[in-house]
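Here's the structure we're looking at; comments come further down.
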Amino acid sequence: MTVSDRDVRQAIIDACIEMNALGINQGTSGNISCRHGEGMLISPTSTPYDTLVPEDIVFMGWDGEVDGRLPPSSEWRFHLDIMKARPEVNAVVHAHPTYCTTIAIMGRKIPAIHYMVAVAGGNDIRCAPYATFGTAELSAHAVEALRGRKACLLAQHGMIAIGSSLAQAMWLAVEVETLARQYHGAL
């Protein structure tokens, strides 16, 4: 493992821990990936973030081949498909923040209730239709909801934020949760 490889893996661990500290995720339900070489690095499934070490972060090639001692997140498919569809995306953050998830349970998008909605790339933050977690159907819905956007909600599920860097994707995830809280308060 190179220093750069170890640094990216540690950054994913740190961001997973930060998601919970910021309140945009609970437990191990969220997941994070970063473009890396000929594929991506992604957080493993169902492993407490504070127990992770760099070797636990899973490498997945663009062909879906896995190299890691733990299985990848069950949501690996949409992480992989988003990065394959969007070459400018270097990080994907998926979480289940309370207000984003509440709006998504209602099957609503976040309309332009505040000018900051534009940071997600458009005049709204779409809500992808429901599909079972981990499926190709959910992945297709997520990729479509993110067309021309940097964030989306997933019906009855949570949210996705993408960015050219992990820091950018994390910032956007927090901003989208703030917008969801504001929208929920206005309903």
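For the chain, the longest principal axis of the Cα atoms and the long axis of helix 136-145 meet at an angle of about 50 degrees. Could you give the angle, 0 to 90 degrees to the nearest 10, between helix 76-85's Cα long axis and the longest principal axis of the Cα atoms of the chain? Between helix and principal axis, roughly 80 degrees. With the simple model of a label 7 Å out from the Cα in the direction of the Cβ, Ala21 to Asp5 spans 2.7 nm.
Considering only the other residues whose Cβ falls under 14 Å of the Cβ of Tyr115, what net charge follows from Lys and Arg at +1 and Asp and Glu at -1?
Numbers: positive: none; negative: Asp124, Glu175.
For residues surrounding Tyr115, the net value is -2.
Compared with the direct C-alpha span, the chain from Glu88 to Thr135 gains 14.6 nm at full extension, assuming 0.36 nm per residue.
Here the spin labels are modelled as points 7 Å beyond Cα on the Cα-Cβ line, and at Asp14 and Asp67 they lie 2.4 nm apart. Under the shape rule built on the C-alpha gyration tensor, where the axes satisfy a ≥ b ≥ c, region 3-186 is prolate, since a/c reaches at least 1.5 and a/b is greater than b/c.
Highest mean first, what order results for 161-173, 55-67 on Cβ atoms within 10 Å?
Numbers: 161-173: 20.8, 55-67: 15.5.
Packing proxy ranking, top to bottom: 161-173, 55-67.
Only beta bridges with both residues in the chain are counted; by DSSP, about 95 percent of them are antiparallel. Counting only alpha carbon atoms, the long axis of helix 166-186 and the longest principal axis of the chain meet at about 30°.
Order these peptides, 100-113, 144-157, by their mean beta-carbon neighbour count within 10 angstrom, highest first. Could the numbers behind the result be given before it?
Details: 100-113: 19.0, 144-157: 20.5.
Ranking the peptides 100-113, 144-157 by packing returns 144-157, 100-113.
Say R0 is 30 Å: what FRET efficiency, to the nearest 0.05, do Trp171 and Ile113 get from their beta-carbon distance? All intermediate terms of the calculation are to be shown ahead of the outcome.
Details: r = 19 Å, r/R0 = 0.64.
Calculated transfer efficiency: 0.95.
Taken together, the values in this text are just the output of simple stated rules run on the coordinates, not laboratory data. Just so you know, these numbers come straight off a predicted model, no measurement behind them. Positions of Cβ are generated from backbone atoms using ideal geometry, with glycine treated the same way; all protein chains shown enter the neighbour counts.
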